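Read-outs throughout are calculated quantities, based only on the coordinates presented, and are distinct from any laboratory measurement. In this text, all values refer to a predicted model and were calculated from it rather than measured experimentally. A quick note on method: Cβ atoms are made from the backbone with ideal geometry, for glycine too, and the neighbour counts reach across all protein chains shown.
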């Protein structure tokens, strides 16, 4: 039985290896049905309200909701 | 994957070194690795009390527009916007590299995690054999951005595209990162490896990935 996993969105700058592996069929060959989620579209705090200690990021949101098992930080 | 971050000043700027950024406004996308790389490049050049940052948009195309408009005097980009900025005449004043780190749910299936790592290892070998062949992947992330779509594979400095096989995070590295963030007030509490890293799951995944 194939393994399944969903991960949060990756982009080429931090996940070129993942994107190429998916396109080349490497995950399927390794028995993994991998889903790469799309971008999170939640509204973030307005730019002028963001600070270093109160940032606005979508990283980890799908994982927190149980929609993805992993994300790249 | 190893991520490259570059501190970039616009073409007409009088900033040539990171030291020149003492007391100057640097736009950072707080909460992302790019911003932390920015803090590290700045604190390596000027006293902490001379580091002045302002919030900047997370999408790099928006940050690039803001930089060129003069909203701040420098910012940090990853690829492909490092290359976009260079083509636009911007100046790189500092460049650094940092690991992307996989964060897993406590209930992640270690065998699926291991299969993910196996696939990644195969891709790392493939890409490293001919990096330029894969530069078009950067186009996919920015379909509506002509400054990216106009880049050719030859425009990229592939020395900034660094890939290595994933490995377990050394405790000393994790501890250093935590304590560095705490020193800036970006994270609370003290580092406890047992609550941050499930070595049992990690070990199983990497064993599967061998």
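Please work out how much length the chain gains when fully extended from residue B:192 to residue B:87, using 0.36 nm per residue of separation minus the C-alpha to C-alpha distance, in nm with one decimal.
Values: separation 105, 0.36 × 105 = 37.80 nm, distance 4.45 nm.
Answer, rounded to one decimal: 33.4 nm.
Helix B:199-208 and the longest principal axis of the C-alpha atoms of chain B enclose an angle of approximately 80°. Averaged over the residues of A:28-35, the number of partner chain Cβ atoms lying within 10 Å of the residue Cβ comes to 5. Per residue of B:53-61, other chain Cβ atoms within 10 Å of the residue Cβ number 4 on average. The helix-based estimate of mean residue ellipticity at 222 nm for chain B, built from -39,500 (n - 2.57) per DSSP H run of four or more residues and divided by its residue count, is -11500 deg cm²/dmol to the nearest 500. Between B:156, B:64, B:142, the residue with the greatest mean-square fluctuation in the GNM of chain B (Cα pairs under 10 Å linked by springs) is B:142. For chain B, the longest principal axis of the Cα atoms and the long axis of helix B:171-183 meet at an angle of about 40 degrees.
D for chain B, whole µm²/s, Stokes-Einstein with Kirkwood Rh over alpha-carbon pairs at 25 °C and 0.890 mPa s: what number?
Answer, rounded: 130 µm²/s.
For chain A, the longest principal axis of the Cα atoms and the long axis of helix A:12-24 meet at an angle of about 20 degrees.
Kirkwood's formula applied to the C-alpha pairs of the protein assembly as shown gives a hydrodynamic radius of 19.8 angstrom. Here is the tail figure for chain A: Cα pairs spaced more than 19 Å apart come to 44 percent of all pairs.
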